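Below: the structure, in structure tokens.
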Amino acid sequence: MYDGEKIPLDSKVQKLIILMVFEKMSIPLKESTVLDICSSDNNWLSYMECKQYLMELIETNLLYRVPRSDYINITQDGSSCLALFFTRIPAHIREEIAQYTRENRMRYKRRQSYPCDYSKNVDGTYTVILKVNNDITTLMELKLVVANRQLATYLYKNWEDKASIIYSLIHENLLD
């Protein structure tokens, strides 16, 4: 029975954990997202080990970089490897991964599909960059200049929830 004590995992098991995260998320992920999921949010791997194993999994073609993007995804070989060896991952970690991905998949998908950022301009205004992405490319990018930081943060906080509606409205009106 698992008593909460952290047992060191060998590198093969840690690589399988990364593959399982990709398999369960079912979407390409940025390196920073994988590092957050595996290290910061769940403590399945250390940050440095996760970073190293991501690179090794890419080098061995179990993961690949999605062309023309910052995303990484699992290959067919990676899925096959996971299918053969997933039982080497301790059962409690497999359950944690399954539960975490079930509860957070849509949040990460929205975050990656609707990125937003803002910066202060020399004149004191703020430029807010709002994007709509699919898995491969940017579908739309809006740059808005607003008067102050309060407006910039308001747009930043609301973009994720309203991006699909705004994209649809712009798309429909331009193609009418």
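When the stretch 114-176 is described by a simple charge dipole with +1 on each Lys and Arg Cβ and -1 on each Asp and Glu Cβ, the residue from 151, 173, 163 located farthest towards its positive end is 151. When only the Cβ of Lys, Arg, Asp and Glu is charged (+1, +1, -1, -1), the dipole of the stretch 116-175 relative to its Cα centre reaches about 240 debye. For the chain, the longest principal axis of the Cα atoms and the long axis of helix 149-175 meet at an angle of about 80 degrees. Dipole magnitude for the chain: about 240 debye, using +1 per Lys or Arg Cβ and -1 per Asp or Glu Cβ, origin at the Cα centre. Extension gain, residue 76 to residue 169, is 29.7 nm, computed as 0.36 nm per intervening residue step minus the present C-alpha separation. Between amide H atoms placed 1.01 Å from N, distances below 5 Å from residue 75 occur with 63, 64, all of them 5 or more places distant or on a separate chain. Taking each of 109/157; 24/131; 109/143; 120/162; 30/109; 51/131 in turn, the alpha-carbon distance tops 18 angstrom for 24/131; 109/143; 120/162; 51/131.
May I ask for the net charge around residue 145, where only other residues with Cβ less than 13 Å from the Cβ of residue 145 are counted and Lys, Arg are +1 while Asp, Glu are -1?
That works out to +2.
Ordering 80, 93, 28 by Cα displacement along the dipole of the chain toward the positive end leaves 28 in first place; charges were set at the Cβ atoms of Lys, Arg (+1) and Asp, Glu (-1). When Lys and Arg each count +1 and Asp and Glu each count -1, what net charge do the other residues less than 11 Å away from residue 39, Cβ to Cβ, add up to? Residues close to residue 39 contribute a combined charge of -2. Here the relative contact order of the stretch 1-141, from alpha carbon pairs under 8 Å that lie six or more residues apart, stands at 22 percent.
Most exposed first by the Cβ proxy, i.e. fewest other Cβ within 10 Å, how do 35, 62 rank?
Details: 35 18, 62 22.
Going from sparsest to densest Cβ surroundings: 35, 62.
Extending 7 Å from the Cα toward the beta-carbon at both residue 84 and residue 10 defines two label points whose distance is 1.5 nm. Using a cutoff of 8 angstrom between alpha carbon atoms and counting only pairs six or more residues apart, the relative contact order for the stretch 62-176 works out to 18 percent.
Values quoted throughout were computed directly from the atomic coordinates according to the rules given, and no laboratory measurement underlies them. This structure is a prediction, so every number in the text was calculated from the model and none was measured. Reconstructed Cβ throughout: ideal geometry from the backbone, glycine too, with neighbour counts over all protein chains shown.
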